[in-house]
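Colleague: I have a structure here, written as structure tokens, and I will follow up with some questions on it.
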Amino acid sequence: MLKGGSLMLSAENFYFDQAQAQRLLDAKPGPYIIVAVTDTGTGIPPEVVDRIFDPFFTTKVPGQGTGLGLSTAVGIVKSHGGFLTVSSQPGQGTQFKVYLPAIAAPLPVTTAEQPLPRGSQELILVVDDETPVCKTARTMLETYNYRVMTATEGTKAIAFYRQHHTQISAVLVDLMMPALDGFAVIRALQNIKPAVKVIALSGLATNQARLETEGAAVHAFLNKPYSLDDLLQTLHQVLHDLSPSKVET
């Protein structure tokens, strides 16, 4: 919305009967929650709208987007048994609707939560081409007593590691980066120090299988977006050799 506009969020209960479910691919009869996101922006051209969920498809100029945002969103929604639709008209705006199955179930009995593991001032290198992701990871880790270095380019990450590899305890590497991707970065780090402890990050689960085939075996794999709990537990396991030295979920 380059000239301003409105962004509207809404949620509603909806029940698909048999006839209604047949009109939407992936819909099944039963109760759903519909979360709608509507804008009054420029809209999406018809020749583009059918491709927006394809991995790596983007209309942005090189270096400004990877084309993984919407494909990742679809994967998350489908993992919860839901589906997503889009309607758009050029010049009038776009609406995305997320349909999530509503489940009537008793709330689980909660137990006292275990405190999240804290670091001991270990130095962690975070490598991700998205600056906000680096900042978020830094905040998470520093809050739990880690020291953090960040790099938004693969070449910088390799240079940082070559200079500080004796102090760096583990490296978090995003696999999908422009220019030099995470697979190449991991192999370069392993050439500097074969025992380097690497946690691979990706929004595509298929990248997990690519790691070993491309000679970039790592200690753990985290799906993006990851939670604070996932990050701290995985990092704790890797630093203390509590998980096998191979790709894990």
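The values are calculated or read from the model by the stated rules, or taken from the named source; none is laboratory data. Since the model is a prediction, treat every value here as computed from it, not as a measurement. Cβ atoms come from the backbone with ideal geometry, glycine included; neighbour counts cover every protein chain shown.
Colleague: For Arg118, are the conditions met, namely being outside any helix (DSSP H, G or I) and basic (Lys, Arg)?
Modeller: Values: outside any helix (DSSP H, G or I): yes; basic (Lys, Arg): yes.
Yes: the conditions hold for Arg118.
Colleague: Now, a different point. State which residue pairs qualify: first residue under 15 Å from Glu130 (Cβ atoms) and inside the range 67-85, second residue among the aromatic types (Phe, Trp, Tyr) and modelled with pLDDT under 85 in any location, beta carbons under 7 Å apart, and separation of 6 or more residues or different chains.
Modeller: So the pair list comes out as Gly67/Phe56; Gly67/Phe57; Leu68/Phe56.
Colleague: Follow-up. Which one is surrounded by the fewest Cβ atoms within 10 Å (Cβ to Cβ), of the residues in the range 93-136 that are at pLDDT below 90 and among the acidic types (Asp, Glu)?
Modeller: Ranking the candidates gives Glu113 first.
Colleague: Give me the pairs: first residue in the range 203-220 and surrounded by 15 or more Cβ atoms within 10 Å (Cβ to Cβ), second residue of a type in the set (Ser, Thr, Tyr) and outside any loop (DSSP other than H, G, I, E, B), beta-carbon distance under 6 Å, and six or more apart or on different chains, which are they?
Modeller: Gly203/Thr72; Ala220/Thr234
Colleague: Considering only the range 5-92, give the helices (runs of 4 or more DSSP H) lying wholly within it that have at least 3 residues that are surrounded by 15 or more Cβ atoms within 10 Å (Cβ to Cβ) and modelled with pLDDT under 90. Spell out how you get there, then give the answer.
Modeller: Details: elements: 18-22, 46-49, 69-79.
Filter on the range 5-92 gives 69-79.
Colleague: Six or more apart or on different chains, Cβ atoms under 6 Å: show the pairs whose first residue is in the range 183-195 and outside the structural domain of Asp128 (by TED's automatic domain parsing) and touching a residue at least 60 places away in the same chain (Cβ under 8 Å) and whose second is small (Gly, Ala, Ser) and part of a helix (DSSP H, G or I).
Modeller: Partner pairs satisfying both residue conditions: none exist.
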